[in-house]
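The values are calculated or read from the model by the stated rules, or taken from the named source; none is laboratory data. Given the structure is predicted, the values throughout are model-derived calculations rather than measurements. Reconstructed Cβ throughout: ideal geometry from the backbone, glycine too, with neighbour counts over all protein chains shown. These accessible areas exclude ligands, DNA and RNA; they are computed on the full protein's heavy atoms, side chains included. Shrake-Rupley method; radii C 1.70, N 1.55, O 1.52, S 1.80 Å.
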Amino acid sequence: MDETPVRVEKRAGYRVVTLNRPQRLNAFTEDMHRALKAALDEAEADRDCRTLLLTGAGRGFCAGQDLNDRLVKPGETIMLSATLEQYYNPLIRKLRALPFPVVAAVNGVAAGAGANIALACDIVLAAKSANFVQAFAKIGLVPDSGGSWFLPRLLGSARARALALLAEPVSAEKAENWGLIWKSVADGDLMAEAEKLCARFAAGPTYGYSLIKRALDASETNDLSTQLDLERDLQRDAGMSPDYGEGVRAFMEKRPPRFTGRNGG
Ligand code: LHQ
């Protein structure tokens with residue numbers, strides 16, 4: 001049996017990272033956190049890796065924290081903040097900060113932190129049979145791994161509050177209609193669609209993509225005037241990249257661009 005908690009497959013220009021504890025719907029243990037961190041660090045350090053595809057093995061995407069690892073006996077207390085501080089918060093920050101697009105292919109249920117790890121990715125595709133559950137309230141917890149930040153921004157307050165308080169599943173199709181995710185696709189097409197997207201990103205202006213991620217993240221807290229200044233600075237950097245020159249030449253010459261993904265430095 002394949003026991004590694006995270007599988008990494010290298011493709012031309014990108015990596016497929018698969019959460020691999022299918023018997024527990026890919027719920028997170030500390031081992032799995034360490035393996036995922038190593039996979040993300042290695043992808044970031046590899047100049048040929050220009051996008052990342054995150055998915056789950058078996059019938060689930062990820063059921064959040066493995067609750068067997070965090071059992072509390074009556075009368076005991078447990079310091080969950082330490083788990084967030086050590087594992088989940090750095091993971092969410094890392095996914096947002098990776099200097100290339102991250103695509104989630106949500107193949108089945110995404111619950112608790114598993115749902116919010118998907119929402120932290122840049123583009124979320126989900127199989128029609130998948131669903132998203134903010135399961136936290138069912139066990140007396142608060143949405144974490146960015147859930148309390150992503151939900152109101154993606155859905156507005158009414159839907160965010162209902163999902164967080166009721167902990168009811170949202171189907172992939174409803175998630176698409178509500179704007180929680182990019183797209184729901186037929187189960188059998190999920191991986192092919194996700195890999196097609198990754199191949200497209202892997203041939204794209206990677207440095208420009210990294211600046212787009214920075215601009216959109218910063219816009220969550222900036223006022224318009226501050227954001228205009230940031231756009232000026234990021235456009236200066238983008239304009240100095242070889243991909244800008246190539247993009248404009250290709251447009252003029254009516255041919256597809258050959259982007260390298262590099263910055264101007
Ligand atoms: C599981 C789990 C699981 C262990 C399914 N753990 N075994 C951060 C900081 C620190 C601590 C606390 O948490 C956090 C963040 C969080 O993520 S809190 C939220 C944790 N997750 C949940 O509460 C979700 C729990 N799971 C479920 O509600 C259901 O399993 C869902 C809705 C995900 C799927 O339901 P079904 O499709 O009916 O599958 P199932 O319940 O039969 O699960 C299949 C197996 O996976 C089963 O094991 P078994 O031995 O009976 O076949 C489950 O016990 C196991 N499993 N999630 N989180």
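Computed values, structure above
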quantity: Answer residue from the range 180-194, given it is under 15 Å from the mean Cα position of the chain (by Cα) and open to solvent by 20 Å² or more (accessible area, probe 1.4 Å) and is farthest from Asn263 (Cα to Cα) among those; calculated: Lys183
quantity: Pairs where the first residue, in the range 153-173, is in the same structural domain as Phe136 (by TED's automatic domain parsing) and the second is β-branched (Val, Ile, Thr) and open to solvent by less than 100 Å² (accessible area, probe 1.4 Å), C-beta under 6 Å, 6+ apart; calculated: Pro169/Val133
quantity: Of the criteria (1) near the ligand (Cβ under 9 Å from one of its atoms); (2) surrounded by 16 or more Cβ atoms within 10 Å (Cβ to Cβ), which one Ala82 fails; calculated: (2)
quantity: Residue within the range 133-149 that is open to solvent by less than 10 Å² (accessible area, probe 1.4 Å), of a type in the set (Phe, Trp, Tyr) and at pLDDT 95 or above present; calculated: no
quantity: Residue list for the range 150-170, filter: closer than 24 Å to Leu95 by Cα and open to solvent by less than 50 Å² (accessible area, probe 1.4 Å); calculated: Phe150, Leu151, Leu155, Gly156, Ala160, Leu163, Ala164, Val170
quantity: Subset of the range 92-111 [of a type in the set (Gly, Ala, Ser), near the ligand (Cβ under 10 Å from one of its atoms) and open to solvent by 10 Å² or more (accessible area, probe 1.4 Å)]; calculated: Ala111
quantity: Some residue of the range 92-113 being outside any strand (DSSP E or B), closer than 23 Å to Arg34 by Cβ, in contact with a Phe, Trp or Tyr (Cβ under 7 Å, 6 or more places away or on another chain) and of a type in the set (A, V, I, L, M); calculated: yes
quantity: In the range 61-79, the residues that are more than 16 Å from the chain's Cα centre (by Cα), of a type outside the set (A, V, I, L, M) and within 16 Å of the ligand (Cβ to nearest atom); calculated: Gln65, Asp66, Asn68, Asp69, Arg70, Lys73, Glu76, Thr77
quantity: Inter-residue pairs, beta-carbon under 7 Å, first outside the structural domain of Ala118 (by TED's automatic domain parsing) and in contact (Cβ under 8 Å) with a residue 12 or more places away in the chain and in the range 26-37, second open to solvent by less than 10 Å² (accessible area, probe 1.4 Å) and of a type in the set (Ser, Thr, Tyr), 6+ apart; calculated: none
quantity: Residues of the range 214-245 satisfying the condition of being of a type in the set (S, T, N, Q), in contact (Cβ under 8 Å) with a residue 12 or more places away in the chain and either within 26 Å of Leu154 (Cβ to Cβ) or assigned by TED's automatic domain parsing to the domain that holds Cys121 (or both); calculated: Gln227
quantity: Test: residue in the range 27-47 that is within 10 Å of the ligand (Cβ to nearest atom) and of a type outside the set (S, T, N, Q); calculated: yes
